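Notes for the one structure printed next.
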C-alpha cells in the first residue's frame, strides 16, 4: 500500500517526460495509507539495481575527485556523515542536504577520532585493520598514515584536484612532495606521526574548514597506483578501501559494484552486522527517460532517487499505476538567471536593474501554473527543510528589500530601469541548455513586458558547463544555483569559484569565509547565525532572478529497506549510504516480481 514520508530533500535533477508503461505484475488496488515502519532485522545478500550513467572520469590525479564518481563507491574518507543520526536512527537529520557544516552530524570513517590540540593542529587517529581491495598493486594490504599523507599532498597540490582549485597553491606541483604555500587557508604541513596517526598543520583562521575539507571531502587511495605504476587508465585498475569493488563495466549497458569482503565498517545501529549488506549494486545505463520509468514500474530497477528522482507529473502517473511504491518528496535545486555584475558596461552592474528584473517576473504565477503548485517560492540559498532549520529565514520574515524581489510589479520595474538609465529597456543575451529553454522562454516573455529584449543562446550541456567554468558567457547564464548543497564552500559567492556565475567580488563574503574557517567547529552557533545573515544579504544583492523551487520525489519498491528517502550524507556523499540499506527478496517474490 502507498506509504508516504514527507521530508523535503534535494537534487540537481531538472526535467523530463512522462511514460505510458504499465505497472506490470504486482499491481493492486490502493488501500488506506499507513505509517512506514522500520524493518526489524537487517538482511545480507542480493543485488540492488538502480539507474546510473557511464563511468566517465577515473583517475583523480587528472580529474577532480568529485568527477570520478566511482570513488564514492570504491574509496574512503577520514570522516563521514553519522549514519546513526539519520532517519534510520535518532532522526536528528533527514540527510536531505548532507551535514551542512554541522560537526555534530559527523562520525569517523578511516579515522576513528580526531583532535584539535591547539588552534593550528589537526590530528586524525586512524582505525587499525583497514584493508585495500585485494587487487594489484595494493593486493589487500593495510591502509596506513603514509597513504593519507600522500593523498592530502596530492589533492592540495595537483592542478585538477578540487582542493587545489578551491585553495590554490602559488604554483602547480608534482603529485608527491610537501605542501606548497598559496591560499592563506591552505594546510601548511602534513606528516605521519606513526603508522596510524596523521598530523596536519593549518592557519588558525581555517582550522574548522580544513578539518572537514580534509576529513570528509578528500579520498584516500593507494599511492603505489601512481608512484609504482601509471595510475588508473581503465576501470580494471581502480583499487581502494571502500565498501565496493568495481567488478564490471560494459559501456552503454551497466556498471557493477560488488561488496568488499574485507570491508572494515559495521552498522552502528545494528552492532555486529558488517557493512555492506548488499552483495552488489548494479547501475543500469538507460539514457532514455521513458525507458527508465518503464523499467522502474515493472520492477526491473528498484529505486528512482537522487539524480534520478521524478517530477510531479511522473510521480502522479507512477504512483497511480504502482500504489505499492514508497516515496518521499523533496525540493530540487532551484534554477536562476544570473547576469554578470563584474562588468561596469553591463546593465546588471546596477542593482536597480537586477531588482527590476525580479519585479518583472511573476514568480507566484510560475509556481502556480508552470509548477502546478508543487514547490516553494523561496528555495535558495537555503531551503525550508529539516537540514536547513538553523539557517533558513522564511520569506515573510525577510526584510522589505528581499520580500519585494518576490513581488510581481512591472510598473515599479520600469521605474527602477529608468532610474538606472534604461527608460527604454535594453537588449541582452542569455546562455542555457536545451532542457532549460522553455523556462528561459518564460522569463523572456516577462522581461519583454518591461522592454528588456533577451536573446536566448542554446548550447549543449558540455559546452554550457565549460562556458560557466571559464566565465565565457558575455552577459547572462541560466542554470542551477549550486551553492545550496555546500554553503560553507561559498560556491556562488567566493571569487574564483566555478559556480560564481555572477562573478561576485564582495568583501562581505570574505568576512563570512573567515567565520566559516574559524568557527564551524569551535563556535557553531556563531557559524549558523552568520550563515543565516549572509543568506539574507545574498538575496538582497539580487545577483540573479530568484525562481521558485520545484518538488521532486524519491521513489522505491518496499523490498528496498532501511532507506527513508535520503539523498545526501556527510559533506558530498550521494552514494556512501548504499552500504547501509538492504533488500528483502522474499517480499519481492511475494509481490509477483
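The values are calculated or read from the model by the stated rules, or taken from the named source; none is laboratory data. Note that the coordinates shown come from a computational prediction; the quantities given were computed from them, not determined experimentally. Every residue, glycine as well, gets a Cβ built from its backbone with ideal geometry; the counts of neighbours run over all protein chains shown.
All told, residue 454 meets the bar of being buried (at least 17 other Cβ atoms within 10 Å of the Cβ), assigned to a strand (DSSP E or B) and without any contact (Cβ under 8 Å) to a residue 40 or more places away in the chain. Checked against (1) out of contact with any helix residue (DSSP H, G or I) (no Cβ under 9 Å at 6 or more places or on another chain); (2) modelled with pLDDT of 95 or more; (3) closer than 30 Å to residue 281 by Cα, residue 532 passes all but a single condition, namely (3). Only one of the numbered conditions (1) closer than 23 Å to residue 571 by Cα; (2) part of a loop (DSSP other than H, G, I, E, B) is violated by residue 104, and that is (2). Could we say that residue 147 is at pLDDT 95 or above, over 25 Å from the mean Cα position of the chain (by Cα), within 30 Å of residue 261 (Cα to Cα) and part of a helix (DSSP H, G or I) here? Yes; evaluated as a whole, the condition is true for this residue.
Yes/no matrix, rows are residues, columns are (1) surrounded by fewer than 21 Cβ atoms within 10 Å (Cβ to Cβ); (2) outside the structural domain of residue 48 (by TED's automatic domain parsing); (3) at pLDDT below 95; (4) not in a helix (DSSP H, G or I):
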site	(1), (2), (3), (4)
292	no, no, no, no
296	no, no, no, no
301	no, no, no, yes
307	yes, no, yes, no
315	no, no, yes, no
323	yes, no, no, yes
328	no, no, yes, yes
341	no, yes, no, yes
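When each of 293, 378, 371, 283 is tested for being under 22 Å from residue 578 (Cα atoms), in contact with a helix residue (DSSP H, G or I) (Cβ under 8 Å, 6 or more places away or on another chain) and in contact (Cβ under 8 Å) with a residue 40 or more places away in the chain, the lone residue that passes is 293.
Scanning region 81-118 for residues that are more than 22 Å from residue 266 (Cβ to Cβ) and modelled with pLDDT under 95, which turns out surrounded by the fewest Cβ atoms within 10 Å (Cβ to Cβ)? Checked region 81-118; the qualifying residue surrounded by the fewest Cβ atoms within 10 Å (Cβ to Cβ) is 103. For residue 55, indicate whether it is modelled with pLDDT under 95, crowded, with 16+ Cβ neighbours inside 10 Å, at positive phi and assigned to a loop (DSSP other than H, G, I, E, B). So residue 55 fails the test.
Test residue 248 against the criterion of being more than 24 Å from the chain's Cα centre (by Cα), surrounded by fewer than 23 Cβ atoms within 10 Å (Cβ to Cβ) and not assigned by TED's automatic domain parsing to the domain that holds residue 102, and give yes or no. For residue 248, the condition - more than 24 Å from the chain's Cα centre (by Cα), surrounded by fewer than 23 Cβ atoms within 10 Å (Cβ to Cβ) and not assigned by TED's automatic domain parsing to the domain that holds residue 102 - is met. Restricted to region 427-451, and to residues there that are surrounded by fewer than 16 Cβ atoms within 10 Å (Cβ to Cβ) and either on the phi > 0 side of the Ramachandran plot or not in a helix (DSSP H, G or I) (or both), the residue that is nearest to the chain's Cα centre (by Cα) is 429. Taking the numbered list (1) out of contact with any helix residue (DSSP H, G or I) (no Cβ under 9 Å at 6 or more places or on another chain); (2) over 17 Å from residue 239 (Cα atoms) in turn, residue 152 passes all entries but (1).
Quick check, is residue 200 under 22 Å from residue 74 (Cβ atoms), not assigned by TED's automatic domain parsing to the domain that holds residue 264 and not in a loop (DSSP other than H, G, I, E, B)? No: the conditions fail for residue 200.
A count restricted to region 61-92 and to residues that are more than 21 Å from residue 248 (Cβ to Cβ) and touching a residue at least 24 places away in the same chain (Cβ under 8 Å) stands at 19. Scanning region 59-93 for residues that are more than 19 Å from residue 108 (Cα to Cα) and in contact with a strand residue (DSSP E or B) (Cβ under 9 Å, 6 or more places away or on another chain) turns up 60, 65, 68, 69, 70.
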